[in-house]
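Here's the structure we're looking at; comments come further down.
The values are calculated or read from the model by the stated rules, or taken from the named source; none is laboratory data. As the structure is a computational prediction, the values presented were derived from the model and not from experiment. In this analysis, Cβ positions are derived from the backbone assuming ideal geometry, glycine residues included, and neighbour counts consider all displayed protein chains.
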Amino acid sequence: MFDVIVLGGGAAGFYGAIHIAESNPNLSVAILERGKDVLGKVKVSGGGRCNVTHAEFDPKELTKNYPRGERELLGPFHNYCTGDTMAFFEKRGVQLNIEADGRMFPSTNSSQTIIDCFVGETERLGIKVLKNSSVIGITQLDKDDYSWEIKSIRNTYKAKKILVATGSNPKIWELLRQMGHTIVPPVPSLFTFNIKDERISGIQGVSTNANIKIIPTKVNNGKYNAALKKYAIHPSDLESEGPLLITHWGMSGPGILRLSAWGAQLLNDLNYNFSIKINWLPAYHEEGVLSQLYEIKEVEGKKTVLRTKAFEIPKRLWISLVKASGISDTDKWADISKNQIQKLAKQLTNSKFNVDGKSTFKEEFVTAGGVDLKEINFKTYESKILPNLFFAGEVINIDAITGGFNFQNAWTGAFIAAQAIAKRV
Ligand SMILES: Cc1cc2nc3c(=O)[nH]c(=O)nc-3n(C[C@H](O)[C@H](O)[C@H](O)COP(=O)(O)OP(=O)(O)OC[C@H]3O[C@@H](n4cnc5c(N)ncnc54)[C@H](O)[C@@H]3O)c2cc1C
């Protein structure tokens, strides 16, 4: 028997258990973890460095990084935000460094530092960490204080309150569904786009700022519009401006990853078959580029188009787009036709690419989907359907873009649930 059982020994589970025990040292707390090791994802996170959080201290701004959960997280972030996460680690001797792009890592650049901190805290606070304890049953009891019976592959336990922090585990979602919760079907988020196209073959490694827009293909317009409606996606959510990286298999980089997150459900419905429109010169419109190209034609007539880069874009990309406009290696500005100039302006500002499939980004991915947000009280993270059952982390239908935001969701939810649990047991 425990006062509180935490299901799942991952990021949210440890953070929650530590805060429960710290807020109320009289409580007996246990973590049930399926694996033989705890904190497996923390270990591999951020390429082994663990991108703990992001240096965005304004709750409203912070919420903008969550395609699912933006509205619901505003209150929780006002309660517990990135500054609180920093304070938690610093108080325990873990120094966090901020990188130029805002991502924060332990100064040791090793995720083991975070794991050691968490494991050390559970020992100090007397939290029982039970490994190899996959949870296979959750039953609500109606008698006495101990309102929950938790069955693992090894034992049966009773608890007054439970915190479900099992990440994106389908079996636990199924148990929750049987108990009355709605589970938004899980789909992958944070992936790169597979594209086979002459214009980007052989120029992998090119990186540039671009405006990218997801559009339907000729044949799936109907499905695209239906998905927009079904997931209440605003077309502006399917447009992003940011760094784009050309890879061996297609396109990656923050601009693409952002679209993969906002479009996660829609792109899944389209079976990852869609098109994108790219403006390689996001500061310009097609007409502006066109008039600038005509000017260059006048002034630089004797120069070769291929070798006179008219705009600030990577050279290899310029050459590729020039060739795609039907302009040869030797054509001079004076030689090219109005039609070729128009084609070049289009390639620069309105290039269309067909995407066929997705790939993982540095092994990092998150799952969109999980317990329906409407069924959680975000003041306490308690289930509105099952009293004394709390949630935190990826088990909820909340996910973010890359940058430390997914962990911040785990820390914030776990902290708030822990306060509510510790107060009420
Ligand atoms: C390779 C990779 C790198 C990442 N890097 C980053 C990063 O640097 N920064 C960032 O913010 N996000 C990152 N993420 C996302 C981040 O890891 C997750 O959002 C986060 O771990 C979610 O925390 P959680 O506690 O909800 O789930 P998890 O960390 O997945 O923990 C869930 C735990 O529950 C256990 N469990 C599941 N089912 C059961 C069961 N039936 N019984 C008992 N235990 C069970 C699991 O074994 C696991 O230990 C990364 C993801 C991946 C895959």
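Is it the case, given these coordinates, that Ile200 is farther than 19 Å from Ile401 by Cβ and either of a type in the set (Lys, Arg) or surrounded by fewer than 19 Cβ atoms within 10 Å (Cβ to Cβ) (or both)? Steps first, answer last, please.
On the way: farther than 19 Å from Ile401 by Cβ: yes; either of a type in the set (Lys, Arg) or surrounded by fewer than 19 Cβ atoms within 10 Å (Cβ to Cβ) (or both): no.
For Ile200, the condition - farther than 19 Å from Ile401 by Cβ and either of a type in the set (Lys, Arg) or surrounded by fewer than 19 Cβ atoms within 10 Å (Cβ to Cβ) (or both) - is not met.
The set of residues in region 151-188 being assigned to a loop (DSSP other than H, G, I, E, B), out of contact with any helix residue (DSSP H, G or I) (no Cβ under 9 Å at 6 or more places or on another chain) and closer than 23 Å to Thr380 by Cβ consists of Met179 alone. Taken as a whole, the condition of being of a type outside the set (Lys, Arg) and free of Cβ contacts under 8 Å to residues at least 60 places away in the same chain does not apply to Asp37.
For region 47-86, a tally of residues being in a helix (DSSP H, G or I) and at pLDDT 95 or above returns 17.
I'd like to check something: does region 84-106 contain any residue that is within 15 Å of the ligand (Cβ to nearest atom), of a type in the set (A, V, I, L, M, F, W, C) and under 30 Å from Pro235 (Cβ atoms)? No, every residue in region 84-106 fails to be within 15 Å of the ligand (Cβ to nearest atom), of a type in the set (A, V, I, L, M, F, W, C) and under 30 Å from Pro235 (Cβ atoms). With respect to the conditions (1) touching a residue at least 60 places away in the same chain (Cβ under 8 Å); (2) at negative phi; (3) surrounded by 18 or more Cβ atoms within 10 Å (Cβ to Cβ), Cys50 falls short on a single one, namely (2). Examine region 363-371 for a residue that is within 14 Å of the ligand (Cβ to nearest atom) and more than 21 Å from the chain's Cα centre (by Cα), and state whether such a residue exists. No: zero hits.
Among the residues of region 293-315, just one is among the polar types (S, T, N, Q) and under 21 Å from Ala283 (Cβ atoms), namely Thr308.
Can you say whether Ile416 is away from the ligand (no atom under 16 Å from the Cβ), modelled with pLDDT of 95 or more, surrounded by 17 or more Cβ atoms within 10 Å (Cβ to Cβ) and of a type outside the set (Ser, Thr, Tyr), as far as the supplied structure shows? First the steps, then the outcome.
Values: away from the ligand (no atom under 16 Å from the Cβ): no; modelled with pLDDT of 95 or more: yes; surrounded by 17 or more Cβ atoms within 10 Å (Cβ to Cβ): yes; of a type outside the set (Ser, Thr, Tyr): yes.
No: the conditions fail for Ile416.
Leu386 falls short on exactly one of the conditions (1) modelled with pLDDT under 95; (2) part of a loop (DSSP other than H, G, I, E, B), and that condition is (1).
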